[in-house]
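These notes concern the structure reproduced below.
The values are calculated or read from the model by the stated rules, or taken from the named source; none is laboratory data. In this text, all values refer to a predicted model and were calculated from it rather than measured experimentally. A quick note on method: Cβ atoms are made from the backbone with ideal geometry, for glycine too, and the neighbour counts reach across all protein chains shown. Ligands, DNA and RNA are stripped out before the accessible areas are found, and what is left, the full protein with its side chains, is counted by its heavy atoms. Shrake-Rupley method; radii C 1.70, N 1.55, O 1.52, S 1.80 Å.
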Amino acid sequence: MISALIFRTFFLYLVIVVTMRLMGKRQIGQLQPFEFAVAVMISELAALPLTEDGKKIHHALVPIAVLLICQLTISFLSIRGVRIREIVCGRPTLLIRDGKMLEKNMRKEMYTVNDLLEQLRFNGITSVHDVEYGILETNGQLSVLLKSGKRPATPEDLNIKVPQECFDHDIIIDGKLIGRTLEKLDLKREWIDEKLKEFGISNYSHVFYASIDSENRLH
């Protein structure tokens, strides 16, 4: 009995992981309402065979498969058509314009002043008057554009030329040399070995993490 329960739990766990992976890589806070509903329903269905003795695994698998197909179909249709995307996901709503709250739009979205001020604080903004536009996105997040005079100065504003930056490349993770990074950067293992010797390291297993920057410097 216990072994069967363990097997069910492990199997359903794998099913949920694969299903959520097929649904895409968006985080919970980025899910559209229909995607969030599907995620909640899938978790409830997966629990049925574990909590009710009369339920078989297929009682959860079949509905989960149907929900996955529905979700993928809606996502595909949303990608192909703007109108369908607007019907399913809705439209972004303007809540702030030129430092002023749009009360009518806030009421339409059932968005309180406290909700709006909280989201502004999350964006590091202390005053509504500093905001040029505040837009409530379809996933419930607030996008904020500050007034031009309140935005941080950039090198372009100051006519300063800066070198182009790029992400560092992982070369060693948890003591393992990443071969695809060597191929991508056209580097030899001997070069890595020489650089590691400069740090007094002779074995990859002694390195928790190492990376190579845009100027081919090992960190």
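Numbers below:
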quantity: Inverse of mean 1/r across different Cα pairs in the chain, Kirkwood, Å; calculated: 23.0 Å
quantity: Total lysine pairs whose alpha carbons fall under 27 Å of each other in segment 27-182 (8 or more apart, or interchain); calculated: 8
quantity: Heavy-atom accessible area per residue - the chain, 1.4 Å, Å²; calculated: 73 Å²
quantity: Reach of LYS184 by Cα under 16 Å, taken over aspartates and glutamates that are not fewer than 8 positions away in the same chain; calculated: ASP168, ASP170, ASP213, GLU215
quantity: Potential extension, ILE84-ASP174 segment - 0.36 nm per residue separation minus Cα distance; calculated: 27.8 nm
quantity: Karplus 3J(HN,Hα) series, Hz, for segment 144-159 with 6.51 cos²θ - 1.76 cosθ + 1.60 (x for Gly, Pro); calculated: 10, 10, 6, 4, 4, x, 9, 7, x, 5, 10, x, 5, 4, 9, 6
quantity: Loop trypsin sites (Lys or Arg not before Pro), segment 101-194, which have at most 16 other Cβ atoms in a 10 Å radius of their Cβ (DSSP); calculated: LYS147, LYS161, LYS188
quantity: Helix runs (DSSP H) in the chain reaching 30 Å along axis by Cα, Kyte-Doolittle at least 0.5; calculated: 2-23, 58-80
quantity: Dipole axis of segment 1-126 (+1 Lys, Arg; -1 Asp, Glu on Cβ), positive-most option in ILE6, ASN114, LEU22; calculated: LEU22
quantity: Rel. contact order, % - alpha carbon contacts under 8 angstrom, at least six apart, segment 101-219; calculated: 19 percent
quantity: Nearest-20 debye value, the chain charge dipole, Cβ charges on Lys, Arg, Asp, Glu; calculated: 720 debye
quantity: Relative intensity, log₁₀ I(q)/I(0), of segment 55-177 from a Debye sum that treats every alpha carbon as a point, q = 0.12, 0.13, 0.16, 0.22 Å⁻¹; calculated: -0.80, -0.86, -0.92, -1.12
quantity: Segment 107-219 - percent of accessible surface contributed by carbon and sulfur, probe 1.4 Å; calculated: 50 percent
quantity: Amide H contacts of LEU95 (H built 1.01 Å from N, under 5 Å, at least 5 apart or other chain); calculated: GLY134, ILE135, LEU136
